[in-house]
Amino acid sequence: MHSNVGSKNKLSYRIFAFVILIILTVLFSFPLYWIITGSLKDAATINSAKPEWFPTSPTLDNYVRLFKNPALKWLFNSVLISVAAMALTCISASMAGYVLAKKRFYGRAFLFSLLVCAMALPKQVILTPLLKEMAFLNLHDNLWAVILPTVGWPFGVFLIKQFSETIPTEMLEAARIDGAGEFRTFTSVVLPIIKPGVGALAIFTFITSWNDYFLQLIMLNSKAISPSPWVLLSCNPR
Amino acid sequence: MAARNRFSGMSRAPVRRETVSAYLFLLPALIFFVGFVIVPMVMCLFTSFFDYTMTDFTFVGFGNYVEMFKDPVFVKSLKNTAVLVVVAVPAVTAFSLWVASVIYPMRPSLRSFFRCIFYLPVVTGTVAVTVVWKWMFNQYTGLFNHLLKSASLIDKNISWLGNENTALWCILLILFTTSIGQPIVLYVAALGNVDNSLVEAAEVDGANKLQTFWRIKWPSIMPTTLYILIITTINTFQCFALIQLLTSGGPNYSTSTVMYYIYYEAFKLYRYGYGNAMGVILAIIIALFSALQFKLAGTGKAD
């Protein structure tokens, strides 16, 4: 769009791009700024028709009120859910993904296409049956009801499979010749190679699970075990 | 038979032996996958043929599916979902590519800065960001009305989320800001992986910037584009939290999406069978969309 035109046009394009970037920066960072400054304002200031751009009389009242509630408990629930989902996903997905990429076994093609197909489907669609299943397993209103479905989601297996394709087969053979068992090969040859992939998966799973508002809304009822995004909502006047 | 062909060059004994160890490695993932994805999926399909409520469980064949397409709210939700997908997916993909190509040649520090900014809504958390947006759109205390009034562009407060004509567009704007972060980060990474010698060779041969982009960079970032298209499509189809938090599908169902309507029927009216039938239809639509995108991206690559 801006190639073989004069340098004047090129300059105006760059100015245009820069202005757009500035506008976007404001738009994207404003919610976070407002959350932080808003936490230091009293209720009247927040709800006034004239916004106060910078808190003129900051107060810590909100934080005092927050910690009168079991806020740390809510935060802990969120952390517990996300960390458990992250750890279980990373362990099961790295084992499965490695095997799918590097082993030849019966049913491999079928299994892989099943995983990919399942991944394309919206996971919220299965929430109703999932709720029934959790009730059947006596896990309704239990943190595990939020953790287990997150771990079952096949995205992690798919991601690690893609990463594991890069493992040189010679290295696996060398390990076998040196007398390493299957599990030993996995822990000391495979894991170091796919570490970046596992790291990416860990971050991704943590964020997804932390933000999985829909799942938490449906699976958890009692406030005592609620994770933080869910409680946040109950503070929000509807 | 197919298996033996594929494993040609290997004797059958190692394949059989590997099968046992392979399934041991797969076992943990398979337990979770079958238990919490496959089983509910089958249950979803099965119960969609039943009139399934708190008290009732009778077989109705395709009754739920027939009812669905006669249900004006479902048709409206389907239309809203289509609007969201048709506007948001191309907008997010094109815009994130543009932003990525603008910030990619910048100094590393500046590049990191912008990457962080665009990732902020992702890490701040959907619920927290949505609560702030809800305030910004508020009719009486909201920021937008305040700004527009100060600039005397309007003289009466606009009820952004309470108006059938504006509510869906407000949701689109928020959806846009919350879904653009990941594509930008992915595109910046993909642009970094483009083979520089190819770009230089093209420039030596006298290709202009636009030609270099379409002929060299675009094909090599195609896998990323495909991934972004599919992920954005799936996320947009599933747009739920925003709607539930901002408008609850109102006013007059003007912001109801299929996903929201499923939630409404299944968890507010307890019509599980009907909700599951809509879930099946949504799944089929998404699968068709993904297949179409694979196909289109595939032909683009062959070109």
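The values are calculated or read from the model by the stated rules, or taken from the named source; none is laboratory data. Keep in mind it's a predicted model, so treat the numbers as computed, not measured. Reconstructed Cβ throughout: ideal geometry from the backbone, glycine too, with neighbour counts over all protein chains shown.
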Quiz prompt | Residue among A:Leu111, A:Leu143 that is modelled with pLDDT of 85 or more, within 25 Å of A:Leu172 (Cβ to Cβ) and in the same structural domain as A:Thr208 (by TED's automatic domain parsing) | solution = A:Leu111
Quiz item: Restricting attention to the range B:49-63, does a residue exist that is under 30 Å from A:Val151 (Cβ atoms), in a helix (DSSP H, G or I) and out of contact with any Cys (no Cβ under 7 Å at 6 or more places or on another chain)?
Solution: no
Quiz item: Taking the range A:156-203 only, how many residues are part of a helix (DSSP H, G or I) and either without any contact (Cβ under 8 Å) to a residue 12 or more places away in the chain or among the acidic types (Asp, Glu) (or both)?
Solution: 13
Practice problem: Select from the range B:142-157 the residues that are facing chain A (nearest Cβ under 7 Å) and within 30 Å of A:Asp212 (Cβ to Cβ) and list them in ascending order. | Solution: B:Leu143
Practice problem: Kindly indicate which of A:Leu11, A:Leu40 is part of a loop (DSSP other than H, G, I, E, B) and not assigned by TED's automatic domain parsing to the domain that holds A:Asn211. | Solution: A:Leu40
Exercise. Name every residue in the range A:112-129 that is surrounded by 21 or more Cβ atoms within 10 Å (Cβ to Cβ) and more than 20 Å from the chain's Cα centre (by Cα), in order of residue number.
Key: A:Thr128, A:Pro129
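Table: residues versus (1) in contact with a Lys or Arg (Cβ under 7 Å, 6 or more places away or on another chain); (2) touching a residue at least 24 places away in the same chain (Cβ under 8 Å); (3) outside any helix (DSSP H, G or I); (4) surrounded by fewer than 16 Cβ atoms within 10 Å (Cβ to Cβ).
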{"site": "B:Met106", "(1), (2), (3), (4)": "no, no, yes, yes"}
{"site": "B:Val131", "(1), (2), (3), (4)": "no, yes, no, no"}
{"site": "B:Thr141", "(1), (2), (3), (4)": "no, no, yes, no"}
{"site": "B:Ser159", "(1), (2), (3), (4)": "no, no, yes, no"}
{"site": "B:Gly162", "(1), (2), (3), (4)": "no, yes, yes, yes"}
{"site": "B:Trp169", "(1), (2), (3), (4)": "no, no, no, yes"}
Quiz item: Among the listed residues B:Ser101, B:Ser77, which satisfies the condition of being in a helix (DSSP H, G or I), in contact (Cβ under 8 Å) with a residue 24 or more places away in the chain and buried (at least 20 other Cβ atoms within 10 Å of the Cβ)?
Solution: B:Ser77
Practice problem: Please work out which one of (1) touching a residue at least 24 places away in the same chain (Cβ under 8 Å); (2) within 14 Å of chain A (Cβ to nearest Cβ); (3) of a type in the set (Gly, Ala, Ser); (4) surrounded by fewer than 17 Cβ atoms within 10 Å (Cβ to Cβ) is the condition B:Gly181 fails and give its number. | Solution: (4)
